[in-house]
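The values are calculated or read from the model by the stated rules, or taken from the named source; none is laboratory data. Bear in mind the structure is a predicted one, so any value in this text is a computation, not a measurement. With ideal geometry, Cβ positions are generated from the backbone for all residues, glycine too; neighbour counts draw on all protein chains shown.
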């Protein structure tokens, strides 16, 4: 059930959204050596290099945030916050990990703060999201994709923020427990434990949502 549910969510996202599919690491947006050169220039006070760093990584960061927070409308604001934090945090980058892993840690911190705030403001899991219909897509299929996306995102909402981040990084971004540990500042064993519990809770949440889903579509409308 878990695997099918997560894959359903991934396939429910339309191609034009720019979101990576389940298990895909996504194309390398920039060469690591080039990123490190830009980082070094930023650390020396070159703001032009920071603009170049932004252009080289913004698509990966936007995809990651989209996976983590599950709300397309909020991603732009969180993207801006991520790079504002990065401008300060990058001064502490010492090259002990890949720069992208360092960047994922900034993303995780931004998403964690947002998810904790969001959990205090529960939303209707069956509320209609913004329309996302691919050009030429069959309306019935588009409706099914949106419903699948709503269900899985609603299940993710049931996870505590730290579990959700680990779950998304592993199942949807394809990161290993060791990579996630570096990105979130925890041990690999802690990551594995959170992932195990997140999978169980996600599966249970999906099962409950499917059983409780209103008949006839959103809010029980025929």
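Couple of notes before you dig in:
- In the condition set (1) modelled with pLDDT of 50 or more; (2) farther than 24 Å from residue 84 by Cβ, residue 58 is compliant with all but (2).
Each row is one residue, and each column tells you yes or no for (1) at pLDDT 80 or above; (2) part of a loop (DSSP other than H, G, I, E, B); (3) surrounded by 14 or more Cβ atoms within 10 Å (Cβ to Cβ).
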position: 16; (1), (2), (3): no, no, no
position: 26; (1), (2), (3): no, yes, yes
position: 30; (1), (2), (3): no, yes, yes
position: 41; (1), (2), (3): yes, no, yes
position: 52; (1), (2), (3): yes, no, yes
position: 86; (1), (2), (3): yes, no, yes
position: 89; (1), (2), (3): yes, no, yes
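- Of all residues in segment 54-76, those satisfying the criterion of being crowded, with 17+ Cβ neighbours inside 10 Å and closer than 16 Å to residue 105 by Cα are 57, 60, 61, 62, 63, 64, 65, 66, 67, 68, 69.
- For segment 169-186, the set of residues classified as surrounded by fewer than 19 Cβ atoms within 10 Å (Cβ to Cβ) and touching a residue at least 60 places away in the same chain (Cβ under 8 Å) consists of 174, 185, listed by residue number.
- Residue within segment 95-105 that is without any contact (Cβ under 8 Å) to a residue 60 or more places away in the chain, over 20 Å from residue 162 (Cβ atoms), out of contact with any strand residue (DSSP E or B) (no Cβ under 8 Å at 6 or more places or on another chain) and surrounded by fewer than 18 Cβ atoms within 10 Å (Cβ to Cβ) present: yes
- Among (1) touching a helix residue (DSSP H, G or I) at 6+ places or on another chain (Cβ under 6 Å); (2) over 22 Å from residue 98 (Cβ atoms); (3) at pLDDT below 85 - the single one residue 172 does not satisfy: (2)
- Residue in segment 182-189 that is under 28 Å from residue 99 (Cα atoms), assigned to a loop (DSSP other than H, G, I, E, B), over 20 Å from the mean Cα position of the chain (by Cα) and modelled with pLDDT of 80 or more present: yes
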